[in-house]
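Novice: Structure provided below as structure tokens; questions to follow.
The values are calculated or read from the model by the stated rules, or taken from the named source; none is laboratory data. Fair warning: this is a prediction, and the values are worked out from it, not measured in the lab. Positions of Cβ are generated from backbone atoms using ideal geometry, with glycine treated the same way; all protein chains shown enter the neighbour counts.
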Amino acid sequence: MVEPYSGAAPAQPTAPELLASELRRAIALGAFEPGARLPSERTLADRLGVSRMTVRAAMRILATDGLVTTVRGRSGGTVVTTTASAAAAADGTSSIDAFARQVRDNLECRLAVEPLAAALAAERATAEERQTLLGLAEIPASGIRHYRMLDSRLHMAIARAAHNESLLPIIEQLRSEFFLWADAAWARLDWDVLSPREQDFGHSHRALVRAIAEGHEDASRRVMQRHIEDGLTQIKAVISSAVQKG
């Protein structure tokens, strides 16, 4: 007779541990080179939809691992240490190949959950949440970083408007997992060379938020799916261009 398992359930990783894991992977994949300064706590918190306390705790974990150090002064910040190159070398695979697999896996998951979130938001969002989404789509982006911040704010607002507690952390993790790596390429893109349409944050988001605000569940699902497919294609092109420029 097999005895029932009576051991304690494995501890679930905390939010700082999850964020530290993603940052550690981003460093290993070459998103942040040794000596590079990481985005500020506030910037990371805004982009990833987490608290500054979570970011600060994740940085302490990375510092304990010897992957980052804090430089004081006006030009200081959290800097990737030279020992991080060993982590990249130990990865054992091409960073580009690893990223290609990450994009594929991430895209497959996002295509499964974010259209669902959009449809649920169209059904369940409050009147205030619908107005918030419409307002976000009309904010002009002032640069690459601002565009990315707006993108994260809008997508996480949609996830919250779905009012599904199981779905929200999944979307948060998927978005943070992908953009921690991709931001290194985005930061190298020249904002001034983009066309006015490409700089218009609302151009790629108005149809989505209008479908949600008007309560069209099927349309919201379809538009979100197309939006993710188009966005990921654009981001891969940006990263490919950045890699070629070295």
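Novice: Tell me, which residue of the stretch 116-145 that is of a type in the set (S, T, Y) and modelled with pLDDT of 95 or more is surrounded by the fewest Cβ atoms within 10 Å (Cβ to Cβ)? Even if it seems obvious, please write down each step before you answer.
Specialist: Within the stretch 116-145, the first condition is being of a type in the set (S, T, Y), and the residues that meet it are 126, 132, 142.
Checking the rest, the ones that are also modelled with pLDDT of 95 or more come to 126, 132.
Working: T126: 10, T132: 20.
Looking at the filtered set, the residue picked out is T126.
Novice: Related question: Quick check on my filter: what residues within the stretch 130-144 are free of Cβ contacts under 8 Å to residues at least 12 places away in the same chain and assigned to a loop (DSSP other than H, G, I, E, B)?
Specialist: To start, the set of residues in the stretch 130-144 that are free of Cβ contacts under 8 Å to residues at least 12 places away in the same chain comprises 135, 142.
Across the stretch 130-144, the qualifying residue is only S142.
Novice: May I pose another question? On the basis of being of a type in the set (K, R), assigned to a helix (DSSP H, G or I) and at pLDDT 95 or above, does R148 make the cut? Full working, then the answer.
Specialist: On the way: of a type in the set (K, R): yes; assigned to a helix (DSSP H, G or I): yes; at pLDDT 95 or above: no.
Criteria not met by R148.
Novice: Taking only pairs six or more apart or across chains, which ones have beta-carbon atoms under 8 Å, a first residue in the stretch 54-75 that is β-branched (V, I, T), and a second residue that is in a loop (DSSP other than H, G, I, E, B) and modelled with pLDDT under 90?
Specialist: V68/L38; V68/T81; T69/T81; T70/G76
Novice: OK, next. How many residues does the stretch 157-166 hold that are surrounded by fewer than 19 Cβ atoms within 10 Å (Cβ to Cβ) and closer than 21 Å to H203 by Cβ?
Specialist: Residues that pass the stated criteria total 0.
Novice: Can you list the helices (runs of 4 or more DSSP H) found entirely within the stretch 179-246 that contain at least 3 residues being among the hydrophobic types (A, V, I, L, M, F, W, C) and modelled with pLDDT of 70 or more?
Specialist: Details: elements: 196-199, 206-213, 217-245.
Fully inside the stretch 179-246 and qualifying: 206-213, 217-245.
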